[in-house]
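First up is the structure itself, then whatever we jot down about it.
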Amino acid sequence: MDHGDIKAALIANTDRAFKSGSFGIPWFECTNDKGETDTFWGVDHLGQVAEFLGLDIKQDKGFRAAL
């Protein structure tokens with residue numbers, strides 16, 4: 001990837017984030033296995049992201065420490 005490709009990807013991803021309602025980072029746009037899409041803002045919402053995606057966070061004790 002050259003600098004032009006990287007810049008184009010950054011612009012495209014930034015535009016996509018704004019279109020989905022982003023107002024800060026980190027911004028997560030997630031689609032679960034039911035096809036439902038939702039957005040989450042902030043690292044303190046990673047628990048909600050995991051719950052929305054149906055992730056089993058009890059299997060990995062390190063994951064709990066990250067939340």
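The values are calculated or read from the model by the stated rules, or taken from the named source; none is laboratory data. Remember, it's a predicted structure, so these values are computed and weren't measured experimentally. For neighbour counting, all protein chains shown are included, and Cβ atoms are generated from backbone atoms with ideal geometry for every residue, glycine included. With ligands, DNA and RNA removed, areas are computed over all heavy atoms of the protein, side chains included. Shrake-Rupley method; radii C 1.70, N 1.55, O 1.52, S 1.80 Å.
Worth a mention:
- Couplings for the range 32-43, taken from phi via the Karplus curve 6.51 cos²θ - 1.76 cosθ + 1.60 with θ = phi - 60°, read 8, 6, 8, x, 7, 10, 9, 10, 9, 10, x, 5 Hz in order; Gly and Pro are left as x.
- Relative to the longest principal axis of the Cα atoms of the chain, helix 3-19 runs at roughly 60 degrees.
- Estimated inter-spin distance, L55 and D5, nm [label 7 Å along Cα→Cβ]: 2.8 nm
- Surface per residue (accessible, 1.4 Å probe) for the chain, Å²: 83 Å²
- Split the accessible area of the chain by element, probe 1.4 Å, and carbon with sulfur accounts for 56%.
- Filtered GluC sites (Glu not before Pro), the range 1-54: DSSP coil and at most 16 other beta carbons within 10 Å: E36
- Annotation note: chymotrypsin sites (Phe, Trp or Tyr not before Pro) in the range 6-61 located in DSSP loop regions with a Cβ neighbour count of at most 11 within 10 Å are F23.
- Dipole magnitude of the chain, debye to nearest 20 (Cβ charges: Lys/Arg +1, Asp/Glu -1, about Cα centre): 140 debye
- Range in the chain, longest, excluding exposed trypsin sites (Lys or Arg not before Pro) [loop by DSSP; at most 10 other beta-carbon atoms within 10 Å]: 1-33
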